[in-house]
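Quick notes on the structure that follows.
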Amino acid sequence: MTSTESSRRKYDQLAERYEEIFFYVADLGQRLVDFAGPVPGARVLDVGAGRGAVARAAVARGCAVTAVDASAGMVAHLAEDYPGMVVRQLDAAALDFPPGSFDLVTAGFVVQILDDPAAALAAMRRVLAPSGMVALSLETQSADRTKWLLDLTAEFFPGAGASAGPGPMTADALDTLLTEAGFTGLERTAVDAPRKLPDARAVWDWLGPRGLADSVRRLPPERAEQFRARFLAVAEAERTSDGIVLGFAATLHRAHAPH
Ligand SMILES: C[S@@+](CC[C@H](N)C(=O)[O-])C[C@H]1O[C@@H](n2cnc3c(N)ncnc32)[C@H](O)[C@@H]1O
């Protein structure tokens, strides 16, 4: 199975509850479209549209939106939820629209998960009209990378955070890719969307479907019980009058295709 196939399967499985699990995408889809600022009637292509967080914000501004995604599950939901939208199952690197078809191409939290982000940026540039805009969001800190949680998982799951690859894409690396793809006038802004949960039990319940439960199931039963007890104690020690805050941060990038 190639990583593209495994990624497609992963998103097919997540499609049903995607925006419930990844609480921040709806808000950040709106913020990405606000950052891009398309005018009513602008032709917008949303790549890796998921359940439509970015696409529906563009529709709300009166844009003519086409949404594409590699996952059949996501595409089925998009077609059902947004009957007025053009929806296609398409890979980000194989955008087979005529050159210059769009005024704005968006991709919310997509470029960093692609096998070949440079190929996708080249495809986006090709389908953009002269001076058209690309607007991308990049996750720079995921909610499950909050320090106390990282420390605890490093103790119970040694090596789990290690990566043989080059590591997550940084905002600078994305800007370099945009420049190499021929985009100009780069601008970016940092945004955050902290998740506040009332107590340790709520954090446990919230992280369970986000991968924690699968990891814990792989531990021997006694160790799993130790982890749960430590998790609840450490999380509770983090509680303030605001509850327990898990950090999430991202950058929004925009740039122009050549004239
Ligand atoms: C992290 S989700 C983001 C979804 C949406 N943009 C949002 O902001 O909520 C990434 C999306 O990209 C899609 N995707 C993954 N690889 C892709 C590829 N090679 N081409 C097109 N879409 C892809 C996934 O199916 C998934 O819907």
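Determine whether Gly211 is on the phi > 0 side of the Ramachandran plot and under 18 Å from the mean Cα position of the chain (by Cα). Walk me through how you get there before you give the answer.
Numbers: on the phi > 0 side of the Ramachandran plot: yes; under 18 Å from the mean Cα position of the chain (by Cα): yes.
Against the criterion (on the phi > 0 side of the Ramachandran plot and under 18 Å from the mean Cα position of the chain (by Cα)), Gly211 qualifies.
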Is it true that Ala119 is small (Gly, Ala, Ser), under 12 Å from Leu45 (Cβ atoms), within 14 Å of the ligand (Cβ to nearest atom) and at pLDDT 95 or above?
-> no
Does region 72-94 hold any residues that are within 9 Å of the ligand (Cβ to nearest atom) and either part of a loop (DSSP other than H, G, I, E, B) or more than 23 Å from Phe22 (Cα to Cα) (or both), and which are they?
-> Leu90, Asp91, Ala92, Ala93, Ala94
For region 109-136, how many residues are in a helix (DSSP H, G or I) and under 15 Å from Arg8 (Cα atoms)?
-> 3
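Only residues that are part of a loop (DSSP other than H, G, I, E, B), within 15 Å of the ligand (Cβ to nearest atom) and closer than 16 Å to Val134 by Cβ: list them for region 27-65, please. If you could, list the steps in order and put the result at the bottom.
Here is the first cut: in region 27-65, the residues part of a loop (DSSP other than H, G, I, E, B) are 37-42, 48-52, 61-63.
Remaining after also requiring within 15 Å of the ligand (Cβ to nearest atom): 48-52.
If the condition is that a residue be part of a loop (DSSP other than H, G, I, E, B), within 15 Å of the ligand (Cβ to nearest atom) and closer than 16 Å to Val134 by Cβ, then Gly48, Ala49 are the ones that fit.
Given Leu32, Leu78, Leu104, which one is under 23 Å from Arg195 (Cα atoms), modelled with pLDDT of 95 or more and crowded, with 18+ Cβ neighbours inside 10 Å? I'd like the intermediate steps shown before the answer.
Details: Leu78 fails: under 23 Å from Arg195 (Cα atoms); Leu104 fails: under 23 Å from Arg195 (Cα atoms).
Just a single option satisfies the conditions, and that option is Leu32.
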Pairs under 7 Å by beta carbon, first residue under 27 Å from Gly62 (Cβ atoms) in region 104-128, partner of a type in the set (S, T, N, Q) and outside any loop (DSSP other than H, G, I, E, B), six or more apart or different chains?
-> Gly108/Ser137; Phe109/Ser137
Filter result for Pro99 (more than 11 Å from the ligand (Cβ to nearest atom), open to solvent by less than 60 Å² (accessible area, probe 1.4 Å) and under 23 Å from Ala129 (Cα atoms)) | no
Kindly provide the set of residues from region 209-226 that are under 22 Å from Tyr18 (Cβ atoms), of a type in the set (A, V, I, L, M) and touching a residue at least 40 places away in the same chain (Cβ under 8 Å), ordered by number.
-> Leu212
In the list Val134, Val111, which residue meets the criterion of being surrounded by 23 or more Cβ atoms within 10 Å (Cβ to Cβ) and within 10 Å of the ligand (Cβ to nearest atom)?
-> Val111
Given the structure, is Ala79 touching a residue at least 12 places away in the same chain (Cβ under 8 Å) and not charged (D, E, K, R)?
-> no
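Please work out if Arg8 is open to solvent by 50 Å² or more (accessible area, probe 1.4 Å), near the ligand (Cβ under 9 Å from one of its atoms) and of a type in the set (Lys, Arg). Break it down stepwise before answering.
Numbers: open to solvent by 50 Å² or more (accessible area, probe 1.4 Å): yes; near the ligand (Cβ under 9 Å from one of its atoms): yes; of a type in the set (Lys, Arg): yes.
Yes.
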Of all residues in region 166-187 being among the aliphatic types (A, V, I, L, M) and open to solvent by 30 Å² or more (accessible area, probe 1.4 Å), the one that is modelled with the lowest pLDDT | Met169
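Of these, Ala249, Ala190, Ala237, which one is open to solvent by 60 Å² or more (accessible area, probe 1.4 Å), within 22 Å of Gln112 (Cα to Cα) and not aromatic (Phe, Trp, Tyr)? I'd like the intermediate steps shown before the answer.
Numbers: Ala249 fails: open to solvent by 60 Å² or more (accessible area, probe 1.4 Å); Ala237 fails: within 22 Å of Gln112 (Cα to Cα).
One residue alone meets the criteria, Ala190.
The values are calculated or read from the model by the stated rules, or taken from the named source; none is laboratory data. In this text the structure is predicted, and so the values were computed from the model without any measurement. Using ideal geometry, Cβ is built from the backbone for each residue, glycine included, and neighbour counts are taken over all protein chains shown. Note: areas computed on protein heavy atoms with side chains; ligands, DNA, RNA excluded. Shrake-Rupley method; radii C 1.70, N 1.55, O 1.52, S 1.80 Å.
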